[in-house]
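The values are calculated or read from the model by the stated rules, or taken from the named source; none is laboratory data. Keep in mind that what you see is a predicted model, and the values were worked out from it rather than measured. Positions of Cβ are backbone-derived with ideal geometry, glycine not excepted, and every protein chain shown enters the neighbour counts. In case anyone asks, the SASA skips ligands and DNA or RNA and just uses the protein heavy atoms, side chains included. Shrake-Rupley method; radii C 1.70, N 1.55, O 1.52, S 1.80 Å.
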Amino acid sequence: MSADEEDVEFMPVKSADRTLEVLEYLSAHGSGGLVTMSKDLGIPKSSLHGLLRTLEHRGWAESDPTRSFYRLGLNALITGASYVEQDMVVSRTSEVLDELADATGETVHLGRLEGGEVVYMAKRESKHPLRMFSAIGRRLPAHATALGKAMLAELPDERIRAILPETLAPSTEYTITTTAALVDHLAGVRRSGYAIDDQEATLGLRCFAVTLPFGHPSKDAISCSVPFARLTESREQEIVDLLLAAQRQLTNQYDSRRTG
């Protein structure tokens, strides 16, 4: 049976599906009131209250004293941290991320493409007081980030159009807002071998990214983010060269493991 056939025949267990919807809602919104969550998720308040009480009992959710307002519990953090610790790409790139952070003094990320979004998998902080805000597990739209554009550029144009809507939500005034324009832009990313986010995700910040060699098309990329106040033309080229060198280093290591 093919994967497509399995997907067609798959029927989720309703209670498990609802529980995961609640966890995903709390993850996306940070917290939620019982009434609002019931309306947004289409789950009756009595059923939702029972689910939330169970999640609270198991450490997956926490509530206020009235049990009408909920957020994720400690077990969500423990499980998420365990996922990152066990991830092979995170472990393989750890040393390279350290080296990039030391060489640039800037914020360095490892990101993974999931649908039309990028998820931060690892981070090294800038040594400077002026730095970008980010956190492991944070999601950003792929079309607005250098990480996302680097990975999207490895996909065929028709696949990009299937993943993303025609109109793209802007993060700043500089964000590309149509998939047609993004596809044209990604042709340049393919030619250069790296992607740039030029204030498209955060004003005052430019980010550079390259993909990693652990699959094709790649689902992982690394980036370096720099405030405009610390950027010069020569500095930009230095950062791009360091990223491309890191990409080659990881490619050589990966090829050696496969052939050794």
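For region 69-78, does any single residue satisfy the condition of being in a helix (DSSP H, G or I) and crowded, with 18+ Cβ neighbours inside 10 Å? Yes: one or more hits. In this structure, does residue 17 turn out to be under 25 Å from the mean Cα position of the chain (by Cα), closer than 30 Å to residue 213 by Cβ and exposed (fewer than 13 other Cβ atoms within 10 Å of the Cβ)? Judged against the criteria, residue 17 is not a match.
Take the conditions modelled with pLDDT of 90 or more and either surrounded by 14 or more Cβ atoms within 10 Å (Cβ to Cβ) or more than 28 Å from residue 121 (Cβ to Cβ) (or both) and apply them to residue 9. Does it pass? Taking the combined requirement at face value, the residue does not satisfy it.
Tell me whether region 85-98 contains one or more residues that are assigned to a strand (DSSP E or B), in contact with a Lys or Arg (Cβ under 8 Å, 6 or more places away or on another chain) and buried (at least 16 other Cβ atoms within 10 Å of the Cβ). Checked against the condition, which is being assigned to a strand (DSSP E or B), in contact with a Lys or Arg (Cβ under 8 Å, 6 or more places away or on another chain) and buried (at least 16 other Cβ atoms within 10 Å of the Cβ), region 85-98 yields no hits at all.
Selection of region 56-84 for residues being β-branched (Val, Ile, Thr) and touching a strand residue (DSSP E or B) at 6+ places or on another chain (Cβ under 7 Å) yields only 84. Does residue 143 qualify as being in contact with a Leu (Cβ under 6 Å, 6 or more places away or on another chain), touching a residue at least 24 places away in the same chain (Cβ under 8 Å), buried (at least 18 other Cβ atoms within 10 Å of the Cβ) and within 24 Å of residue 244 (Cα to Cα)? Considered against the rule, which asks whether it is in contact with a Leu (Cβ under 6 Å, 6 or more places away or on another chain), touching a residue at least 24 places away in the same chain (Cβ under 8 Å), buried (at least 18 other Cβ atoms within 10 Å of the Cβ) and within 24 Å of residue 244 (Cα to Cα), residue 143 comes out as yes. For region 113-124, the condition holds for at least one residue, the condition being that it is under 15 Å from the mean Cα position of the chain (by Cα), of a type outside the set (Phe, Trp, Tyr) and assigned to a loop (DSSP other than H, G, I, E, B). Exactly one residue out of 182, 212, 243 is touching a residue at least 24 places away in the same chain (Cβ under 8 Å) and either more than 15 Å from residue 148 (Cβ to Cβ) or exposed (fewer than 15 other Cβ atoms within 10 Å of the Cβ) (or both), and it is 243. Return yes or no: is residue 54 assigned to a helix (DSSP H, G or I), in contact with a helix residue (DSSP H, G or I) (Cβ under 9 Å, 6 or more places away or on another chain) and open to solvent by 80 Å² or more (accessible area, probe 1.4 Å)? The answer is yes for residue 54. Taking first residues from region 4-24 that are within 21 Å of residue 63 (Cα to Cα) and of a type in the set (S, T, N, Q) and partners that are at pLDDT 90 or above and part of a loop (DSSP other than H, G, I, E, B), the Cβ contacts under 9 Å between residues at least 6 apart in sequence or on separate chains come to 19/60.
Each residue in region 36-51 was checked for being small (Gly, Ala, Ser) and open to solvent by 90 Å² or more (accessible area, probe 1.4 Å), and 1 of them qualify.
Going residue by residue through region 229-236, is there one that turns out to be in contact with a helix residue (DSSP H, G or I) (Cβ under 9 Å, 6 or more places away or on another chain) and either surrounded by 17 or more Cβ atoms within 10 Å (Cβ to Cβ) or in contact (Cβ under 8 Å) with a residue 40 or more places away in the chain (or both)? No; the residues of region 229-236 include none that is in contact with a helix residue (DSSP H, G or I) (Cβ under 9 Å, 6 or more places away or on another chain) and either surrounded by 17 or more Cβ atoms within 10 Å (Cβ to Cβ) or in contact (Cβ under 8 Å) with a residue 40 or more places away in the chain (or both).
Restricting attention to region 127-177, which residues are more than 25 Å from residue 216 (Cα to Cα) and among the polar types (S, T, N, Q)? Once the filter is applied, which keeps residues that are more than 25 Å from residue 216 (Cα to Cα) and among the polar types (S, T, N, Q), region 127-177 yields 134, 167, 171, 172, 175, 177. Restricting to region 99-116, name every residue that is surrounded by fewer than 18 Cβ atoms within 10 Å (Cβ to Cβ) and among the charged types (D, E, K, R). Of everything in region 99-116, those that are surrounded by fewer than 18 Cβ atoms within 10 Å (Cβ to Cβ) and among the charged types (D, E, K, R) turn out to be 99, 102, 114. Residues of region 185-209 that are surrounded by fewer than 21 Cβ atoms within 10 Å (Cβ to Cβ), of a type in the set (A, V, I, L, M, F, W, C) and under 17 Å from the mean Cα position of the chain (by Cα): 196 alone.
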